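Read the figures in this text as sums done on the coordinates, not as results from a lab. If you're wondering where the values come from, they're calculated on a predicted model, not measured in any experiment. Please note: Cβ atoms are built from the backbone with ideal geometry, for glycine as well, and neighbour counts cover all protein chains shown.
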Protein chains: 2
Amino acid sequence: MADNKKMVAEITSMEEDFAKWYTDIVKKAELIEYTSVKGCMVIRPYGYAIWENMQKILDKMFKDTGHENVCMPMFIPESLLQKEKDHVEGFAPEVAWITHGGSEKLEERLCVRPTSETLFCEHYSNIIHSWRDLPKLYNQWVSVVRWEKTTRPFLRSREFLWQEGHTIHATAEEAIEETEKMLNVYADFCRDALAMPVVKGKKTESDKFAGAVSTYAIEALMHDGKALQAGTSHYFGDGFAKAFGIQYTGKDNKLQNPHQTSWGVTTRLIGAIIMTHGDDNGLVLPPAVAPIQLVIIPIAQHKPGVLDKAYELKAKLEKAGIRVKVDDSENSAGWKFAEYEMKGVPVRLEIGPRDIENGECVLVTRHNREKTVVSLDTLTRQVKKKLKEVHNGLYKKALENREKRTYRCTSIDEINNALNEKGDGFVYAMWCGEEACEDKVKELTGAGSRCIPFDQENLSDKCVCCGKEAKHMVCWGKAY
Amino acid sequence: MADNKKMVAEITSMEEDFAKWYTDIVKKAELIEYTSVKGCMVIRPYGYAIWENMQKILDKMFKDTGHENVCMPMFIPESLLQKEKDHVEGFAPEVAWITHGGSEKLEERLCVRPTSETLFCEHYSNIIHSWRDLPKLYNQWVSVVRWEKTTRPFLRSREFLWQEGHTIHATAEEAIEETEKMLNVYADFCRDALAMPVVKGKKTESDKFAGAVSTYAIEALMHDGKALQAGTSHYFGDGFAKAFGIQYTGKDNKLQNPHQTSWGVTTRLIGAIIMTHGDDNGLVLPPAVAPIQLVIIPIAQHKPGVLDKAYELKAKLEKAGIRVKVDDSENSAGWKFAEYEMKGVPVRLEIGPRDIENGECVLVTRHNREKTVVSLDTLTRQVKKKLKEVHNGLYKKALENREKRTYRCTSIDEINNALNEKGDGFVYAMWCGEEACEDKVKELTGAGSRCIPFDQENLSDKCVCCGKEAKHMVCWGKAY
């Protein structure tokens, strides 16, 4: 196990420095590599395969709910970006500007899309005329650019990959229903594919998307007690439609403005996986999105029959739809154990000459290092069971961490005591609805409002800050 | 059929104006919509679904040949673009330049990738150290930007979608083998998925990719006799490796430069499909990439049992993996016939009360409008047979068009006569290898060199232009 220790020693421990632990993992597990452009990264094969698995699952969920994929241009003319007042104020300070095509100066600057509401609106205004043209339920998988000052791989980068859903409906009711439906799709995806519990809620006024009537979000709690916004869904009312002159003739033959939504999740979810499930041995991947679900490590692989058996098992498991890799490299078994722990492979299968003789092998689950000797006759079933165990184990652990770090407080002192004594986490506390109090809670405790959870509790009748009548229970926290 | 005629009348005929016929189709079949940024288009759901089907097939072919997907940033710093001399000369005149991030001027301009060799090279120089790190077989699905003056949907746009494969190998032999292998993958894809015959060959020196040692291409002949470059594969030697300082320690413990390739196909292939298979009734789609492979048109759909039957057949066919749509809208059957002919759906199924009574339905194949009455008992098998027939029929028709329009010539006069009398096409003629003759043939006939076909024929010993000793048979043609 000397090799094993050596590998592990290469990662900073979570306790010692969580931020460094995080960047160690993204590099050492070969998820990304830096480039000479600040805030832009190479997503390497192992990282990109995680994203591809996410895409496959989400894309099916979108299509099953009636959405179609499209592709908008990446450029937005300055005048188009400016059409909706709040939207341009929110995004103009952080866009990248194209001024020249080849050696010629452009007549009008173009920005690289930071998000595509304006492009979809221009398109809608061209193709929507009658109630028969509604709804349009669109999505696109692209990258967007926001010129962030401080950047971190996956969590905040100048270019990132995402999907952006954009829909347009005849009525406000339909659009609101869509906004909520897609937030639920995201929450289900986080639970079922990423083993990540989330709090569903509504953003406060000050925290809405630029141009939205209301923004819904899912908020996850990371291992270190900081909150991470994992996905958002926006209801726009008819504000964009009015700004862009999108009108349709209703069944009543009258011209009216349609209602819109947009919703998105990004490669940030890879960061969320790392900080939700990872440990001091590296990445821990939820089976649904793991590029390799099971790695086979042959023991004494030079002995006759061992590698043959390893490849036979691989073929058998792959036939059952499991993503398998055999590592038959010259590295020691100990080195391989550490390597695939670092890469977060959910299940490891060890098989050597004696195991083959006995018709069995050893399965080790990554998240708890539990070893089970299983018969080769029932292997497929056992592996599927183990993958389910890993998923459930990860979800349970993440939920326990969140519950342990969720504090219900009725005063600023209680909030500060909880955060100081027990560490960062979600703070549930009542709020009067005034922005001044929202700001003050953040100033006094460091915890900003994450969302107004849909699941409301009545912790008190009074705002935790001003003592006036409370309107909502807010989930507060320090955020990534 | 009044409706039908009306729809059809909306498209310009191919004979009358091929270019207008083309743009009519891309608009009327709802493949694209223009935007306010010249040369940038919205790819609409029906067009994007064709691309998604292409991606699915190609991505599997790439993965089956050992390639992994990655994602590079979209920005290239000016200094990075300039590292390889030929490459920057080829691309700098047509890139879009970012000069500002938000309100701040950038210290160094960034261009939006026109292609990503330089980014891959920078990455390789970070991750390749030993022969153990080779080869890397990478691919990415992204969009790129080239500031073209004249633009046409799919064929030449300022932003287009593509895949770019980038590989790096220990030896020149391996890299050359890769370059050829991927050209064959493209040719197989065109034949088996797009029903499109292509000529495989090598580009002449003057027509190589900027920075390449050699460029291979597949060339297809469109319905109007013009050539379309459908895919390219480049061998770089170690030129980029030297320019970017990429070195590895070989098994002999000596430092050496690796050898590289890149290869790509783009959304241009959608344009190729239109111009290879389309007719005066609209688009004709090869079944493998058609978003809808079979459309069910219920006849007298208000009669009891008709729609139920239509949906029952849909479910049955979908279970067999066929992509099916039922159009149960209020439009007339005639309107629907014209609509799905316009959209190029390979097979139409008509079913009405009498058909149901007789336990049969009518299948109509798009490319030849052939009607077959088939028993519902054997429907799945019959539909699969029809889809195969459409594919084979399309391929045969395209091949016949190409053969009819391929002229073997031994003099400039013969070339001009052939092109004038029989119309544009591929001209096969011998060449001495001198750029001056290449230019002169183009000047005198309008047909430039498309490629030096791998399948060489000895038409004469003399160059068609200067009469000196011929080195190669060249495929000449007017190009998109």
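Odds and ends about this structure:
- Low-density loop cleavage sites - chymotrypsin sites (Phe, Trp or Tyr not before Pro) in the range A:323-359, where at most 15 other Cβ are within 10 Å (DSSP): none
- Out-of-range pairs (alpha-carbon distance over 21 Å; input B:K27/B:K314; A:K200/A:K396; A:K336/A:K371): B:K27/B:K314
- Shape category assigned to the range B:258-395 from the gyration tensor of Cα positions, a/c cut at 1.5: prolate
- Relative to the longest principal axis of the Cα atoms of chain A, the long axis of helix A:45-64 makes an angle of roughly 50 degrees.
- With respect to chain A, whose longest principal axis is taken over its alpha-carbon atoms, helix A:306-319 is tilted by about 30°.
- With contacts taken as Cα pairs under 8 Å at a separation of at least 6 residues, chain A carries a relative contact order of 14 percent.
- Pair-distance distribution of the range A:406-477: all C-alpha pairs, bin width 10 Å, starting at 0; shares per bin in whole percent are 24, 61, 15.
- Prolate/oblate/rounded call for chain B, Cα gyration tensor, a/c under 1.5 rounded: prolate
- Within the range B:347-474, percent of DSSP bridges classed antiparallel, to nearest 5: 80 percent
- Nearby lysines by direct alpha-carbon distance to A:K254 (threshold 16 angstrom, same-chain neighbours under 8 apart not counted): A:K242
- Percent breakdown of C-alpha pair distances by 5 Å bin, ordered from the shortest bin, for the range B:14-277: 1, 6, 12, 16, 18, 17, 13, 9, 5, 3, 1, 0, 0, 0
- Neighbourhood net charge (9 Å Cβ-Cβ; Lys/Arg +1, Asp/Glu -1) for B:S262: -2
- The modelled label-to-label distance between B:I412 and B:E205, using points 7 Å beyond Cα along the C-beta direction, is 2.1 nm.
- Degrees separating the helix A:172-192 axis from the principal Cα axis of chain A, which is the longest one: 20 degrees
- Calculated label separations, B:T372, copies of the chain, 7 Å along the beta-carbon direction, nm: 5.1
- Of all DSSP-defined beta bridges confined to the range A:10-154, some 85% are antiparallel rather than parallel.
- Distances between every pair of Cα atoms in the range A:330-480, grouped in 5 Å steps from 0 to the bin holding the largest one, split as 2, 9, 14, 14, 10, 7, 6, 7, 8, 8, 6, 5, 3, 1, 0 percent.
- Convex hull volume per residue, computed on the Cα atoms of the protein assembly as shown, equals 202 Å³.
- Partner aspartates and glutamates whose Cα lies under 14 Å from the Cα of A:K63, excluding those fewer than 8 positions away in the same chain, are identified as A:E164, A:E178, B:E52.
- Overall, the protein assembly as shown carries a charge dipole of about 1400 debye about its Cα centre when +1 sits on the Cβ of Lys and Arg and -1 on the Cβ of Asp and Glu, all other atoms neutral.
- Taking the range B:406-477 and dividing mean pair separation by its residue count, relative contact order in percent (alpha carbons under 8 Å, at least six apart): 40 percent
- Mean separation of Cα contacts under 8 Å (6+ apart) over length of the range A:8-159, as relative contact order %: 25 percent
- Across identical copies of the chain, A:S130 has label-point separations of 7.0 nm, listed in ascending order, with the point defined 7 angstrom from Cα along Cα→Cβ.
- Adding -39500 (n - 2.57) for every DSSP H run of four residues or longer, then dividing by how many residues chain B holds, sets the calculated 222 nm ellipticity at -11500 deg cm²/dmol.
- Shortest-first distances to equivalent copies, position B:E15, nm, label 7 Å out along Cβ: 8.6
- Neighbourhood charge, 10 Å Cβ-Cβ cut-off, centred on B:V362 and excluding it, Lys, Arg +1 and Asp, Glu -1: -1
- Gyration tensor (alpha-carbon) shape descriptor, the range A:306-382, a/c threshold 1.5: rounded
- Longest site-free stretch - chain B; sites: trypsin sites (Lys or Arg not before Pro), DSSP loop, at most 10 other Cβ within 10 Å: B:1-250
- Cα Rg over Rh - the range B:201-309, Kirkwood: 1.31
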